[in-house]
1. Determine the shape class of the stretch 21-101: with a ≥ b ≥ c the square roots of the Cα gyration tensor eigenvalues, call it rounded for a/c under 1.5, and otherwise prolate if a/b is greater than b/c, oblate otherwise.
2. Send over a whole-number figure in Å² for the accessible area per residue of the chain, probe 1.4 Å.
3. Using a 1.4 angstrom probe on heavy atoms only, work out the carbon and sulfur share of the accessible area of the stretch 1-90 in %.
4. Against the longest principal axis of the chain, how steep is helix 36-50, in degrees 0 to 90 to the nearest 10, with axes from Cα atoms?
5. Quick one: among A79, A26, A60, which has the greatest mean-square fluctuation in a GNM of the chain with alpha-carbon springs under 10 angstrom?
6. Tell me the angle of helix 11-22 to the major Cα principal axis of the chain, expressed in degrees between 0 and 90 and rounded to the nearest ten.
7. Could you calculate the contour length gain from A41 to V78, that is, 0.36 nm times the residue separation minus the distance between their Cα atoms, to one decimal place in nm?
8. So how much slack lies between H86 and S48, counting 0.36 nm per residue of separation and subtracting their Cα-Cα distance, in nm?
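The values are calculated or read from the model by the stated rules, or taken from the named source; none is laboratory data. The structure displayed is predicted, hence computed values, not measured ones. Reconstructed Cβ throughout: ideal geometry from the backbone, glycine too, with neighbour counts over all protein chains shown. Accessible surface areas use protein heavy atoms only, side chains included; no ligands, DNA or RNA. Shrake-Rupley method; radii C 1.70, N 1.55, O 1.52, S 1.80 Å.
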Amino acid sequence: MKITIIGGGGTLGSCTAYTLALMGLADEIVMLDKNRNLLQAHIMDINSAIVGVQNVNIYAGDDHDLDGSDIVIQVAGVALPATSTHEEMLHGNVLLGKEIIAKI
């Protein structure tokens, strides 16, 4: 099974990937994020944590890697100060969600 996580460089996305990998719920996990450096760091950490436990291919992808995904998990969100309310983040996240849905 191929699972793609949009927003994989964030805390929620990387924790989701780790959980899926650890539980053996996917053969392939593709992680997408605009912050490629942070994304690669998370992928290295996850691969190190599951070595010898599960055999899953986890890698950083691009929009074209959405093709063939059995499941797409969207956890990406706009970056705002921690003091922002959910209402303040809503508008930006709606716009981001529309952009992501069009790609899926």
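1. Details: a/c = 2.41, a/b = 1.72, b/c = 1.39.
Note, shape of the stretch 21-101 comes out prolate.
2. Working: 6350 Å² over 104 residues.
Per residue, the chain has an accessible area of 61 Å².
3. Details: 2940 of 5290 Å².
Carbon plus sulfur share of accessible area: 55 percent.
4. Here the helix axis deviates by roughly 40 degrees.
5. A79
6. 20 degrees
7. On the way: separation 37, 0.36 × 37 = 13.32 nm, distance 2.02 nm.
Working it through step by step, the gained length comes to 11.3 nm.
8. Values: separation 38, 0.36 × 38 = 13.68 nm, distance 3.43 nm.
Contour length minus Cα-Cα distance gives 10.2 nm.
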